[in-house]
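Below is one structure; the comments refer to it alone.
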Amino acid sequence: EAQVTQNPRYLITVTGKKLTVTCSQNMNHEYMSWYRQDPGLGLRQIYYSMNVEVTDKGDVPEGYKVSRKEKRNFPLILESPSPNQTSLYFCASRLAGLRDTQYFGPGTRLTVL
Amino acid sequence: GESVGLHLPTLSVQEGDNSIINCAYSNSASDYFIWYKQESGKGPQFIIDIRSNMDKRQGQRVTVLLNKTVKHLSLQIAATQPGDSAVYFCAEMPSSYKLIFGSGTRLLVRP
């Protein structure tokens, strides 16, 4: 089944404790992206990757890192999480074409205490 | 499931009626627009898209209208069903790699 998977789905952590949210897709998509979703703000893009070893900042990259060592994986790293990073996170992927459909993962609910 | 928004505008419609969800976009340079549906506990799901050289596009039970003069999009759902209850987002694409989402509208379908 073609899908985008994220792990963990739920995470409660404390300020400053490094964490990684994994994202994997099995559709051989070139483009992958991370978004955060907060009440009343819709989804905002954190980072995106056009292909392996090619990443760039979205609208809200502060406090996050990403890597794209393999085509299928695009982990989101929070080196020192803070409470304002409490949010719902979505990973997405699509083929390289501008108008190719973007597929979203199921989301990761992160709470930073 | 996860809450996607506590203060979303809400549209309540009777089952079988038509629904119209509106969206204002911000960037005049955007040339591609998408509507997504998000059900509770799930990620957004593609519904329909439209390019800026069109003003209307139809899918199965859905129609998207684009008014570039006033930077306005609408999504029309015909014969709304209980399964249409969800949060709907419009998104604009000002470049190949950036997707800007609106804040969303909650659609409630009354039986």
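The values are calculated or read from the model by the stated rules, or taken from the named source; none is laboratory data. All figures in this text were calculated on a predicted structure; none of them were measured in a lab. As a convention, Cβ positions derive from the backbone with ideal geometry for all residues, glycine included, and neighbour counts pool all protein chains shown. Please note that ligands, DNA and RNA were not included when accessible areas were found on the heavy atoms of the full protein model with its side chains. Shrake-Rupley method; radii C 1.70, N 1.55, O 1.52, S 1.80 Å.
Got a number for residues in region B:35-65 being in contact with a Ser or Thr (Cβ under 8 Å, 6 or more places away or on another chain) and either crowded, with 21+ Cβ neighbours inside 10 Å or within 16 Å of B:VAL13 (Cα to Cα) (or both)?
Looking only at that region, the number is 1.
What is the one condition in (1) within 13 Å of another protein chain (Cβ to nearest Cβ); (2) crowded, with 17+ Cβ neighbours inside 10 Å; (3) polar (S, T, N, Q) that B:SER19 does not satisfy?
(1)
Of the residues B:ALA91, B:ALA86, which is among the small types (Gly, Ala, Ser) and farther than 16 Å from A:ARG99 by Cβ?
Exactly one of B:ALA91, B:ALA86 is among the small types (Gly, Ala, Ser) and farther than 16 Å from A:ARG99 by Cβ, namely B:ALA86.
Which of (1) modelled with pLDDT of 95 or more; (2) outside any strand (DSSP E or B); (3) within 14 Å of chain B (Cβ to nearest Cβ) is the odd one out, the single condition A:THR101 does not satisfy?
Here A:THR101 clears every test but (1).
Of (1) among the hydroxyl-bearing types (Ser, Thr, Tyr); (2) open to solvent by 40 Å² or more (accessible area, probe 1.4 Å); (3) within 11 Å of the chain's Cα centre (by Cα), A:TYR10 satisfies all except one. Which?
Every condition holds for A:TYR10 apart from (3).
Please work out which one of (1) small (Gly, Ala, Ser); (2) surrounded by fewer than 16 Cβ atoms within 10 Å (Cβ to Cβ); (3) within 12 Å of another protein chain (Cβ to nearest Cβ); (4) in contact (Cβ under 8 Å) with a residue 12 or more places away in the chain is the condition B:SER96 fails and give its number.
Result: B:SER96 passes all but (4).
Residues in region A:22-44 that are buried (at least 21 other Cβ atoms within 10 Å of the Cβ) and either part of a strand (DSSP E or B) or within 12 Å of chain B (Cβ to nearest Cβ) (or both): how many? It would help to see each step written out before you state the result.
Filtering region A:22-44 down to residues buried (at least 21 other Cβ atoms within 10 Å of the Cβ) leaves A:23, A:25, A:29, A:31-37, A:42-43.
Narrowing further to those that are either part of a strand (DSSP E or B) or within 12 Å of chain B (Cβ to nearest Cβ) (or both): A:23, A:25, A:31-37, A:42-43.
Summing the residues that are buried (at least 21 other Cβ atoms within 10 Å of the Cβ) and either part of a strand (DSSP E or B) or within 12 Å of chain B (Cβ to nearest Cβ) (or both) in region A:22-44 gives 11.
Here's a check for you: in region B:38-80, which residue that is touching a Pro at 6+ places or on another chain (Cβ under 8 Å) and at negative phi is nearest to the other protein chains (Cβ to nearest Cβ)? Steps first, please.
Taking region B:38-80 first, the residues touching a Pro at 6+ places or on another chain (Cβ under 8 Å) are B:38, B:41-43.
Subset that is at negative phi: B:38, B:42-43.
Details: B:GLN38: 9, B:LYS42: 6, B:GLY43: 3 Å.
Among those that are touching a Pro at 6+ places or on another chain (Cβ under 8 Å) and at negative phi, it is B:GLY43.
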